[in-house]
Amino acid sequence: MKKSLIILFAMLFGMASFAQTVEEQKKKIASIKKNSNYIYAEVTTTDQQQAIDLATEMLHNNVNEWAAKKKKFAGSSKIITKNTNYDVEQITMPRANMFRAFMYVKKSDIIPADNVEIRETPVEVAGAKVAAAAPLTNHDVVVGELLSVTNTGQLASKLKELKESGKVAEYDNLKGLKDKNQQEYIMVVFNKEGNVEAVLSEGESRKNLATGNADQLANYKGRGAIGVKVNQ
């Protein structure tokens, strides 16, 4: 059974997006993603605060999964991450302006903290608060991962990863879901160029998971879609 750790985020956040050019920021993020010394989380939504909150939760989950596999933390019931950093970028898209939050921490800054008392205070940065996050549900993790993809190439890779990790039960295109209850599936909608246009919730009355507004597959005529069933 996977060990669940209580993770405390030290409030030593670095905000670089307003001090760097967009190109510098993208290069730094790309570099961190390729560097195995870091753990990161990335979320894109239409709301800046929501993007930061979800990225914080996702990083919490990713750190938890990594630490649970390390002997260093075998006897610890909680850990602390120091020097957690993040960037927030505003992105202009056809349907809405989006905010991408990228949060990361160096593995060497993750330490056991059973005998450490931390007084956590939310930090106000550019109108958005960053605070320690509650553990994610599996559904939260999958939604966050799906919202981070921008094209079908990324989607294919992400779905394979989520299926292998057990977070996703199955996924298929609309033709493959013809004889199944499609209300049980999140729908990832994409255009003929392969760009993801929307991620729609499960249910008869779906909502756009990026905007929070009511939305339906019928609003995307001529588009393709992949249905994703989350393991509960």
Straight-line reach check, Lys72, cutoff 21 Å on alpha carbons, 8 or more apart in-chain or any other chain, hits among lysines -> Lys2, Lys3, Lys82, Lys106, Lys107
Give me, ordered by chain and number, the residues 5 or more places off Asp215 or on other chains with an amide H under 5 Å from its own placed amide H. Arg206, Lys207, Asn208
My understanding is that a pair violates if its Cα-Cα distance is over 24 Å; which of Lys27/Lys192; Lys26/Lys167; Lys71/Lys229; Lys158/Lys192; Lys26/Lys163; Lys160/Lys180 do that in this structure? Lys27/Lys192; Lys26/Lys167; Lys71/Lys229; Lys26/Lys163
Quick one: net charge of Leu177's neighbours, Cβ under 13 Å, K/R +1, D/E -1? -1
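None of the figures in this text is laboratory data; all of them are computed from the coordinates on show. Only a predicted model underlies this, so the values are computations on that prediction, with no experimental measurement involved. Using ideal geometry, Cβ is built from the backbone for each residue, glycine included, and neighbour counts are taken over all protein chains shown.
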